[in-house]
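Derivation of every value follows stated rules applied to the coordinates shown; laboratory data play no part. Just so we're clear, the structure is a prediction, and the values are computed from it rather than from any experiment. Every residue, glycine among them, receives a Cβ derived from its backbone with ideal geometry; neighbour counts consider all protein chains shown.
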């Protein structure tokens, strides 16, 4: 308020000095040019009015407008700064999550490799056990086949022996030998108690 009063006093003083300068000039030019002096006074009054109007415009109207614009710009800058800070914060969070994700992927990859190695070892163990089982089963089957072949071979040998003995007996058996054998058999039965 004091500033406005000081400016108003300064303007009033300036107007008074201007008016006295106009009057002094008019008196110097003489009384014959009265119409020129009045025109000159109106020019100066017009200048003073325009100067006062310019002062009022620059002192009263424009500063609040400039203040509002400055406030808006300041607000926009602070919002942009806050938005930038938020964006940087989100970027850091995203970078941290990405780093964590990379570590997580590496951990999963490592775990998968360990699991694959464990599965491979387990499969090797199972395969080894299965090979041993097949080997034992094959040995047992071979032994069974060998026993069956032996039994069959013995049966064949026995049959061949019986057939050979029968053919020998047929070729060597005469009625006299046959009768002697029957007599020996009957006598062996007689000596036995029933």
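The table for this structure:
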quantity: Neighbour-count order for 44, 56, fewest beta carbons within 10 angstrom listed first; calculated: 56, 44
quantity: Label-point separation, residue 81 to residue 140 (7 Å along Cα→Cβ), nm; calculated: 8.8
quantity: Kirkwood-based Rg to Rh ratio, the range 73-194, C-alpha trace; calculated: 1.89
